[in-house]
Amino acid sequence: MKYSILIILTSVLAAGDIKISCEEHLLSLYPKNTDIRMNILKLDKQVKKKVENQVKQKFYRDKLYYWTITEEDSTMVYAFLDNVIGKSMPITFLVILNINGDIINANVIKYREAYGGEVDNRRWLQQFVNRDNNSSYQIGGDINGISGATISAKSMSKGIQKISVLFPLIRSQLK
């Protein structure tokens with residue numbers, strides 16, 4: 001019983017840290033007069049399957065956390081939080097898209113493994129900026145690989161692509 005409570009408490013605290021990290025990142029990018037609101041998107045089974053088949057990577061859960069960033073009642077951007085599996089542990093990342101679905105920022109929120117953390121490198125993540133659902137995300141082609149982080153780089157690239165492919169399919173559902 002004690003261990004169950006400890007595991008639940010640890011999960012709640014870790015989730016809180018991730019939410020705080022996301023919101024701190026968003027606040028660092030957007031002026032104080034913007035409204036940043038967190039939402040939950042339950043993924044439709046058919047849409048989820050379509051995206052997973054196209055990208056060749058599964059969603060970590062049946063829901064995504066996302067933030068809408070608005071200024072003077074106009075939505076400027078959407079930020080999506082997702083997880084992908086690196087070599088053996090999840091990598092939690094945030095992708096920010098403008099209202100047209102173009103990526104304007106990608107950030108690793110939590111990297112949990114001893115090796116491969118280079119996917120958190122700002123210069124490497126910058127390769128995803130201005131890409132959209134029609135862009136190529138091929139490691140070694142349009143996206144540079146990372147020596148020593150091959151699995152994490154491929155997984156992150158597919159994860160970011162997954163969000164960009166999902167966006168046009170769910171845009172009308174977003175708050």
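For the chain, what is the mean residue ellipticity at 222 nm derived from helices alone (per DSSP H run of n ≥ 4: -39500 (n - 2.57); sum divided by total residues; nearest 500 deg cm²/dmol)?
Values: 4 runs with 64 residues, N = 175.
Taken over the chain, the calculation gives -12000 deg cm²/dmol.
With no solvent and one equal point scatterer placed on each C-alpha of the chain, evaluate the Debye formula and give log10 I(q)/I(0) for q = 0.14, 0.17, 0.19 Å⁻¹, two decimals.
Once normalised to I(0) and log-transformed, intensities are -0.75, -1.10, -1.35.
Would the range 99-175 count as rounded, prolate or oblate if I go by the C-alpha gyration tensor, calling it rounded below 1.5 in a/c and otherwise prolate when a/b exceeds b/c, oblate otherwise? Numbers along the way, then the final one.
Details: a/c = 2.26, a/b = 1.72, b/c = 1.31.
It comes out prolate by the Cα gyration axes.
Give me Y65, Y115 sorted ascending by neighbouring Cβ count inside 10 Å, so fewest comes first. Don't skip to the answer; put the middle values down first.
Working: Y65 18, Y115 11.
Ranking Y65, Y115 by Cβ neighbours within 10 Å, fewest first, gives Y115, Y65.
Which aspartates and glutamates, if any, have their Cα less than 14 Å from the Cα of K48, not counting same-chain residues under 8 positions apart?
Filter leaves D62, D82.
Rounded to the nearest Å, what's the spacing between the alpha carbon centres of the range 49-75 and the range 137-168? Just the number, please.
16
Which peptide among 86-97, 26-37 comes first, and what is the full order, when sorted by highest mean count of other Cβ atoms within 10 Å?
Numbers: 86-97: 19.9, 26-37: 12.5.
Those peptides, ordered most packed to least, come out 86-97, 26-37.
Quote the charge dipole size of the chain about the Cα centre in Debye, to the nearest 20; the model charges only the Cβ of Lys and Arg (+1) and of Asp and Glu (-1). Mind dumping the intermediate values first?
Details: 24 positive and 17 negative charges, 161 e Å.
Value, rounded to 20: 780 debye.
For the range 17-175, what is the relative contact order in percent, using Cα pairs closer than 8 Å and at least 6 residues apart in sequence? Mind dumping the intermediate values first?
Details: 266 pairs, mean separation 31.5, N = 159.
About 20 percent, as a whole number.
Which entries in the list K42/K87; K87/K110; K58/K154; K49/K158; K50/K175; K63/K162 go over 19 Å, if you measure between the two C-alpha atoms of each?
K42/K87; K50/K175
Please list, by residue number, every one of the GluC sites (Glu not before Pro) in the range 50-86 that is coil in DSSP and has at most 16 other beta-carbon atoms within 10 Å. The partial results should precede the final answer.
Values: sites: E52, E71, E72; in loops: E72.
Passing sites in the range 50-86 are E72.
What size of dipole, in debye to the nearest 20, comes out for the range 96-175 about its Cα centre when the only charges are +1 on Lys and Arg C-beta atoms and -1 on Asp and Glu C-beta atoms?
220
Here, each number is a calculation from the coordinates, and none is a lab measurement. Since this is a predicted model, take the numbers as computed values, not measurements. Note that each Cβ is placed from the backbone with ideal geometry, even for glycine, and that neighbours are counted across all protein chains shown.
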